[in-house]
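These notes concern the structure reproduced below.
The values are calculated or read from the model by the stated rules, or taken from the named source; none is laboratory data. It should be emphasised that the depicted structure is a prediction, and the values quoted were computed from it without experimental measurement. No Cβ is skipped: glycine too gets one built from the backbone with ideal geometry, and neighbour counts run over all protein chains shown.
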Amino acid sequence: MASRNTLTMLSASGFGKMLARRAFSTSRAVAAKQMTVRDALNQAIDEEMERDERVFILGEEVAQYDGAYKVTRGLWKKYGDKRVIDTPISEMGFTGLAAGAAMAGLRPICEFMTFNFAMQSIDQIINSAGKTFYMSAGRVNVPIVFRGPNGAASGVAAQHSQCFGAWYAHCPGLKVLSPYSSEDHKGLLKTAIRDPDPVVCLENEILYGTAFPMSDEALEKDFLIPIGKAKIEKPGKHITITAHSKAVETALEGAKLLAGEGIEAEVINLRSLRPLDMESITKSVAKTNHLLSVEQGWPTCGIGAEILARLMESEIFYHLDQPAVRLTGADIPMPYTKSLEAAAIPRPEDVVDAVKRLLKVK
Amino acid sequence: MALNKSISLLFRIRKHLRNKNQLCTRFSSSQPNFPGAKTSWTEKLQFTDSSSYSPIPVYRVLDRRGNVLHPAEDPKLPDDVMLKMYKDMILLNVMDKILYESQRQGRISFYMTSYGEEAIHIGSAAALKLEDLVYGQYRECGVLLHRGYTLQEFVDQCYGNVGDMGKGKQMPVHYGSKKLNFITISSPLATQMPQAVGSAYALKGSGTIVICYFGDGSASEGDAHAAFNFSATLECPVIFFCRNNGYAISTPVLEQYRGDGIATVYKATQLAREYSIKENKPVLIEALTYRVGDHSTSDDSSAYRSPEEVLEWTNDYPTKKFRFYLETKGLWNEQKEKELLTVSRKEVLTAFNAGEKKLKPKWSELYTDVYKFLPPHIKKQQQEMAVHLQKYKQHYPLNSFSS
C-alpha cells in the first residue's frame, strides 16, 4: 500500500540533512558558452520581436524597470512604448487586453510578475484564450504566450510559492511548457511565440540566475524546441525519473548520488506538460522497468499523478517490475520557515531514498 | 497586491520625505500639487455623494411622439437607410418572439430577447462601418442582424445544426461571425471589455474602431475598471457602449432615466466614432433603456418588478417612437406595418422550419478546433469514438448527424 502512495517530503525523511539543498551542482560541462536562464529568455524575446513586428510584450514593470526579474532588460529601450508595455496592476485586465490583441492579429507575450498573480486572470486564460478557437469553430485563433515565474521560490511563503503546472495542464485548448535549462527556455519560448495557439510558459524564479551551457546551435536565431517532446537529460538503465522545471535539477543531483552507488537512473526532462510526451516516458520505462516521478507541485491531481495513471492505462504497465512512485511537494501551503520550506519540496537525497525503496536496495 | 509593488511604493514615499524643503513649498502653494490629481484646496470637511453634483443630462433627439425636438439634431438619414433600420428592429422583434417560444417549448436550451433595447442595437450598428470590430456581451443580436447575419444563420446557431458556422460548439445566442467582424460571445461577463481594448490597440491607426457592448451589471466586474484604465492610458480607439437597462438581471440600480431612441443612439455613436478615430481615445456611451423582456429564459422578471412598470415602458417603446418619426416623414403607414409584420413572420418561420430540419454537424467535429492542428491525443480520441460508433451504431441517433 505504502509504495503506491505519494512520498510527500515531511513524512519521508528527517529534517537533519536539509541544509545542503540550496547549493547547486556546479560540475556541468564548461566547454560550451554559459548563459543564464534570464538571458536566454531575453534573447528569445528579443529575437522574436525583431523577427515579427506583431510580437509585443506587456506586463507589470516590463518596460522602464526591465521587468521584476529583469527578463525584459533593454527591450523597452530597443523597441519603445509601442511594443513593450507597462500595465496597471490588474492581471485580469492586461490578460484580457492581450487576448483581444491576439484575436485582432497581434502576437502578445503576457508576462506575469509571478504565476501566483495570474490566478486573478485565470478566467481570461482558460475561458477566453483557451476556448475562443473552439467556440468560434476554428475561425478566431489566439496566438498568445503567458509567461512568468512559477513554482516554489525562496522565502516568500504560501501565496508566492506554488506550482501551477497541473492547473493549466488540465485544460484543453492550452499548451503548457515547463522548461529547465537555458536552452529549454530559449528554444521553447521561441516556439511558443510562433505557435498559433495559446501557450503557458512556466518559468522558475530561482533558475533565472542559473547559468547553463548553450550549444552553438542554441545561440542561433532559429533555434526552436518542439512543443510536446521531452528530453533525456541523463541516460540510465535501472530506473526512469521524470521531472520538470527545477525538479529536473533535483532529479539529476539525486541520479548523481545514485551513480556513486552503482544505480544508473535515466532522467527525463519533460519540457512540455501539455501535451505530455508519453512516448519518451514509455520507451524509457520499457528499458528500465521502474518509474519515479519527481515534481515540486502538490501530489493530488498533479503531473506525477497523470504520468502514473497514463502508464497504468497503457501496455507499458506490464513492463513495470515495481509499482511506480510519485515524489512531490508536501501537501500543504508552502511554509515560511526556511528549514521547513526546504523540507517541503523534494531534495536530491529524497530522490535517492525513493529510488532505493522502489528498487528495494538498502 | 504584488509584494514588490508595495516595497517600491514605500521607497517612493521615503524619497519624497527626504526632500522636505520641496514638500513645504508643495503644501503651501495656492493649489495642491499631488502627482495623482489636479484640484483645489478646501478647509471644509464634507462627504461627496450623488446629490453633491447634478447628474449628466440625457441626450435625446425625438419626443415620445417621434417629433424632432431640435431641427439641428435631426440625423437626416437617407430614406432607404431609415427604412432598413426600422425593418431590422421589427424583424428582431419577430425573431425574438418565435425563438423565445421555441425555447419555452424545449426545442432549444436557452434564449435571450432584446425587447425594449432594439434601438440600441440598430442605431449603433447603423452608425458604424462594417470594418469596425464588435465585441458584444450577448444581447446585441440586432447589431449582427443589421450587419447582414441572416435569419437562417441565427436559427442555425440556436439549433447548433450543420448550418451553424460555429459547428454547434456554443450555446444559443452566443453568435460570432468573422466575416461580419463580430467576435464570438463569451459567457463570463465583462471579459470582452479588456479584450476589446486589446483589439483596439492592435487596430490603432487603421481608421477602424472597436465597439464594446456591456450591461450595467457588467460594469461592476473588475474587468470593466481595468478596461477603462487601459483604454485611456494606451489611447485606444474604442467605444464602450453601456446598455443601462436598470437591472443587473434582478438587482435594480438606484436611478433611472428615460429618453432613449434610435436617432439618439445613431447620433451618439456616429459622433463617438469620429472622435475616437481622430483622437485615438476611448468614448463611453451610456444608453439608458428598459429591458421589457426577461433577462434570459432562465429568468422570470415578475419576481423583482411589477407588471404595471413593464406595461408603462411597453407604451414608451423605441420602435413606436421611430415609427411615428417615419410616419411624419411620410415613409410609413399602418398598411406597410401590417405587411412588414406578415412578411417578417413568414421569413422567420421559414428559417425556423428549415433550421429545425437540418442535421447536426458531423459528430467528429467535437474534436476539431481545440488547437490549430489536431494533436495526436485528440486524434486518438476521435478514432476511438469512430470505432465505438461503428460497433454500436444501432444504439446512437447517428442519422440525425451529418456524415
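The table for this structure:
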read-out: Condition met for A:Ala44 (in contact (Cβ under 8 Å) with a residue 40 or more places away in the chain, out of contact with any Asp or Glu (no Cβ under 8 Å at 6 or more places or on another chain) and closer than 14 Å to B:Gly198 by Cβ); value: no
read-out: Unique residue being surrounded by fewer than 16 Cβ atoms within 10 Å (Cβ to Cβ), assigned to a helix (DSSP H, G or I) and among the β-branched types (Val, Ile, Thr) when the list is B:Val81, B:Val58; value: B:Val81
read-out: Residue in segment B:295-309 that is without any contact (Cβ under 8 Å) to a residue 24 or more places away in the chain and surrounded by 15 or more Cβ atoms within 10 Å (Cβ to Cβ) present; value: no
read-out: Selected residue (criterion: nearest to the other protein chains (Cβ to nearest Cβ)) from residues of segment B:134-165 that are among the aliphatic types (A, V, I, L, M) and surrounded by 23 or more Cβ atoms within 10 Å (Cβ to Cβ); value: B:Val134
read-out: Pick from segment B:369-399, criterion hydrophobic (A, V, I, L, M, F, W, C) and more than 10 Å from chain A (Cβ to nearest Cβ), ranking: farthest from B:Gln170 (Cα to Cα); value: B:Val387
read-out: A:Pro179 at pLDDT 95 or above and over 25 Å from A:Ala251 (Cβ atoms); value: no
read-out: Those residues of segment B:127-158 which are of a type in the set (D, E, K, R) and either in contact (Cβ under 8 Å) with a residue 40 or more places away in the chain or assigned to a strand (DSSP E or B) (or both), in sequence order; value: B:Lys129, B:Glu131, B:Asp132, B:Arg139, B:Glu140, B:Asp156
read-out: Helices (runs of 4 or more DSSP H) completely within segment A:94-211 that count 1 or more residues being among the small types (Gly, Ala, Ser), touching a Leu at 6+ places or on another chain (Cβ under 6 Å) and more than 7 Å from every other protein chain (Cβ to nearest Cβ); value: A:165-169, A:182-194
read-out: For B:Asp369: the one exception among (1) surrounded by 15 or more Cβ atoms within 10 Å (Cβ to Cβ); (2) in the same structural domain as B:Lys84 (by TED's automatic domain parsing); (3) touching a helix residue (DSSP H, G or I) at 6+ places or on another chain (Cβ under 7 Å); (4) not β-branched (Val, Ile, Thr); value: (2)
read-out: Restricting segment B:368-403 to residues that are without any contact (Cβ under 8 Å) to a residue 60 or more places away in the chain and among the hydroxyl-bearing types (Ser, Thr, Tyr), the residue that is farthest from A:Met135 (Cα to Cα); value: B:Tyr392
read-out: Flag for B:Glu101 being in contact with a Lys or Arg (Cβ under 9 Å, 6 or more places away or on another chain), under 29 Å from B:Lys321 (Cα atoms) and free of Cβ contacts under 8 Å to residues at least 24 places away in the same chain; value: yes
read-out: Failed criterion for A:Ala102 (all others in (1) modelled with pLDDT under 95; (2) within 17 Å of B:Phe230 (Cα to Cα) hold); value: (1)
read-out: Residue count for segment B:179-207, restricted to those that are within 7 Å of another protein chain (Cβ to nearest Cβ), of a type outside the set (Val, Ile, Thr), surrounded by 24 or more Cβ atoms within 10 Å (Cβ to Cβ) and part of a loop (DSSP other than H, G, I, E, B); value: 1
read-out: Top-ranked residue of segment A:71-87 - restricted to ones that are facing chain B (nearest Cβ under 10 Å) and touching a residue at least 24 places away in the same chain (Cβ under 8 Å), ranked as farthest from A:Ala157 (Cα to Cα); value: A:Lys82
read-out: Inter-residue pairs, beta-carbon under 7 Å, first within 13 Å of B:Gly148 (Cα to Cα) and facing chain A (nearest Cβ under 8 Å) and in segment B:166-178, second crowded, with 22+ Cβ neighbours inside 10 Å and among the small types (Gly, Ala, Ser), 6+ apart; value: B:Gly176/A:Ser136; B:Gly176/B:Gly166
read-out: Check on B:Lys358, within 37 Å of the chain's Cα centre (by Cα), closer than 26 Å to B:Gly166 by Cβ and buried (at least 16 other Cβ atoms within 10 Å of the Cβ); value: yes
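Yes/no per residue for (1) closer than 19 Å to A:Ile45 by Cβ; (2) hydroxyl-bearing (Ser, Thr, Tyr); (3) surrounded by fewer than 19 Cβ atoms within 10 Å (Cβ to Cβ):
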residue: A:Ala68; (1), (2), (3): yes, no, no
residue: A:Pro88; (1), (2), (3): no, no, yes
residue: A:Gly100; (1), (2), (3): no, no, no
residue: A:Ala104; (1), (2), (3): no, no, no
residue: A:Tyr134; (1), (2), (3): no, yes, no
